[in-house]
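Just below is one structure, and these are the notes that go with it.
The values are calculated or read from the model by the stated rules, or taken from the named source; none is laboratory data. Note that this is a predicted model, so its numbers are computed, not measured. A quick note on method: Cβ atoms are made from the backbone with ideal geometry, for glycine too, and the neighbour counts reach across all protein chains shown.
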Amino acid sequence: MTDRCLVWWIRDDLRLDDQRCLDGIGEFDRLIPVLCLGQRGIAGGDQAARLDGVDLPFRRRSPLRERFLHQGLDALARDLCERSSRLFVLRGSPDVDLAPFAARVGATQLRFSLGCGTEEAREEIGVVAALEAQRIAWRGVAQRTLIEDPAATFTGARLPRVFTDFRKAVERSVQPAQPQAAAPALPPCSLDAETWPVVEPTAELDDDPRATFVHVGGEAAAHARLDDYVFGTQAVARYKETRNGMLARDDITRLSPWLSQGSLSVRRVHDTVARYEREHGANDSTYWVGFELLWRDFFEWTAQHHGARLFLQSGLRDVARPWRHDAEDFARWREGRTGDALVDAAMHELAATGFLSNRARQNAASFLIHDLGLDWRWGAAWFEHHLLDYSTASNYGNWQYIAGVGNDPRPLRRFDTRGQADRYDPGSDYRRHWASA
């Protein structure tokens, strides 16, 4: 009888719930979950942020982002152990080491989650070429989005340039797939190889006492927050009214870091909100959570469609502007020394927690772009450095949107930051809370 072995290459999908890479896992005799330390998502954080071939004065990933990643990996390793499996580690890069490893362990198939971004695509191309040279079957699984196949939704596979057109078409004709429960047991594996953790633990970091919520990586923490937000506090029923808040714990869902890490399935979020609607009734707020998930899908599929254009200064619309590259102004913005109380508070919160509300992000981005006139990609790189919920598509898509070079029918989207502060922080609570670094 043939021994069937599945190698699961783990990327930004640190979960067992709704894990499509494990579809039909009962058909396999062995499972080998494997992480490559040399891959973009693991080792890339030590690299300097670069723009046009020039190093920027910070790394691609902050210590807080590094900690969040390691927490997610630690949690996945524990979850695998509870199911009699283990998280194996290769120290090299996927395109060099994965195929020989798969051949050595007698893999019948290798599966991985498809990424989003040019670096991820190059990584996948290298891995697939090496697997095919070894005659090892493979499957790339698309599981980052609610909408699994936009080509089936849009005539001629043409993705709409404007979100409203995308949303209307999806809401009219697409029903998101149901999430799948985690397998209660996994096939065993006896393998003489290193297991996680095999790297130095991240530095001990004290959480800033001003933080109104602290994100901890991993699937259990993600599901605890989802359940509490939807069924515990039932804050989901007030989301549309509170979503522009910048300070209170439950003004916003705060789920995006786990969605980005892949420790929470977007289908699970959608299904949980739908269950709340069945049990307690739907309203504008519960609808609006799904609305925001579709924004995330729109950015993901736009990034897939346009590739490297996501990172061009002229953006998807090929708009040329005389961007400035003033290092001192950029430093003042990064460090929250602009003199604009709302923007400075946002930059202090970002550095202290690795998180910002969408309202705070939009104002900080608008100030860098429209008040300082600085290259929007500098701001996008700084957000990449800090944000626990960093996602290539959403980050660069949103920055292009504010800069007027991306998917926005309006030629200019400038925020009056002082007017915004008066409207969304009328008592100055947020500005006082994060007044200093």
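A compact table of results
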{"read-out": "Helices (runs of 4 or more DSSP H) wholly inside segment 235-306 containing at least 3 residues that are closer than 29 Å to Gly427 by Cβ, touching a Lys or Arg at 6+ places or on another chain (Cβ under 6 Å) and not basic (Lys, Arg)", "value": "284-306"}
{"read-out": "Unique match (being surrounded by fewer than 19 Cβ atoms within 10 Å (Cβ to Cβ), more than 19 Å from the chain's Cα centre (by Cα) and outside any loop (DSSP other than H, G, I, E, B)) among Val34, Val89, Val128", "value": "Val128"}
{"read-out": "Given (1) more than 21 Å from the chain's Cα centre (by Cα); (2) acidic (Asp, Glu); (3) surrounded by 14 or more Cβ atoms within 10 Å (Cβ to Cβ), index of the condition Asp206 fails", "value": "(3)"}
{"read-out": "Any hit, segment 146-156, residues being modelled with pLDDT of 90 or more, surrounded by fewer than 17 Cβ atoms within 10 Å (Cβ to Cβ) and either under 29 Å from Ile10 (Cα atoms) or among the basic types (Lys, Arg) (or both)", "value": "no"}
{"read-out": "Restricting segment 377-399 to residues that are under 13 Å from the mean Cα position of the chain (by Cα) and of a type in the set (A, V, I, L, M), the residue that is nearest to His305 (Cα to Cα)", "value": "Ala393"}
{"read-out": "Members of segment 2-19 found to be under 26 Å from Pro100 (Cβ atoms) and not in a strand (DSSP E or B), listed by number", "value": "Thr2, Asp3, Arg4, Ile10, Arg11, Asp12, Asp13, Leu14, Gln19"}
{"read-out": "Lone unmet requirement of (1) on the phi < 0 side of the Ramachandran plot; (2) of a type outside the set (Asp, Glu); (3) in contact with a helix residue (DSSP H, G or I) (Cβ under 7 Å, 6 or more places away or on another chain) for Ser93", "value": "(3)"}
{"read-out": "Matching option when the condition is small (Gly, Ala, Ser), surrounded by fewer than 14 Cβ atoms within 10 Å (Cβ to Cβ), under 24 Å from the mean Cα position of the chain (by Cα) and modelled with pLDDT of 90 or more, among Ala181, Ala221", "value": "Ala181"}
{"read-out": "Of all residues making up segment 93-116, the number that are buried (at least 23 other Cβ atoms within 10 Å of the Cβ) and more than 21 Å from the chain's Cα centre (by Cα)", "value": "5"}
{"read-out": "Some residue of segment 411-420 being of a type in the set (A, V, I, L, M), closer than 25 Å to Glu120 by Cα and out of contact with any Pro (no Cβ under 7 Å at 6 or more places or on another chain)", "value": "no"}
{"read-out": "Which numbered condition His385 fails, given (1) under 14 Å from Met347 (Cα atoms); (2) free of Cβ contacts under 8 Å to residues at least 24 places away in the same chain", "value": "(2)"}
{"read-out": "Residues of segment 239-293 that turn out to be charged (D, E, K, R), in contact (Cβ under 8 Å) with a residue 60 or more places away in the chain and within 30 Å of Leu80 (Cα to Cα), as a count", "value": "4"}
{"read-out": "Residue match in segment 122-134 (condition: touching a helix residue (DSSP H, G or I) at 6+ places or on another chain (Cβ under 9 Å) and within 22 Å of His385 (Cα to Cα))", "value": "yes"}
{"read-out": "Flag for Pro63 being closer than 14 Å to Phe112 by Cβ and in contact (Cβ under 8 Å) with a residue 12 or more places away in the chain", "value": "no"}
{"read-out": "Among (1) under 28 Å from Pro426 (Cβ atoms); (2) at pLDDT below 95, the one test that Asp206 misses", "value": "(1)"}
{"read-out": "Residues satisfying the stated conditions in segment 126-176, i.e. of a type outside the set (Lys, Arg), within 29 Å of Phe101 (Cβ to Cβ) and free of Cβ contacts under 8 Å to residues at least 24 places away in the same chain", "value": "Val128, Glu132"}
{"read-out": "Residue count for segment 322-346, restricted to those that are touching a Lys or Arg at 6+ places or on another chain (Cβ under 6 Å) and on the phi > 0 side of the Ramachandran plot", "value": "0"}
{"read-out": "The listed residue being among the small types (Gly, Ala, Ser) and surrounded by 20 or more Cβ atoms within 10 Å (Cβ to Cβ), out of Ala248, Ala282, Ala308, Ala303", "value": "Ala303"}
{"read-out": "Candidate set from segment 417-435 (those that are within 18 Å of Phe367 (Cβ to Cβ) and touching a Lys or Arg at 6+ places or on another chain (Cβ under 9 Å)); member that is surrounded by the fewest Cβ atoms within 10 Å (Cβ to Cβ)", "value": "Tyr424"}
{"read-out": "Identity of the residue in segment 131-140, exposed (fewer than 13 other Cβ atoms within 10 Å of the Cβ) and part of a helix (DSSP H, G or I), that ends up nearest to the chain's Cα centre (by Cα)", "value": "Glu132"}
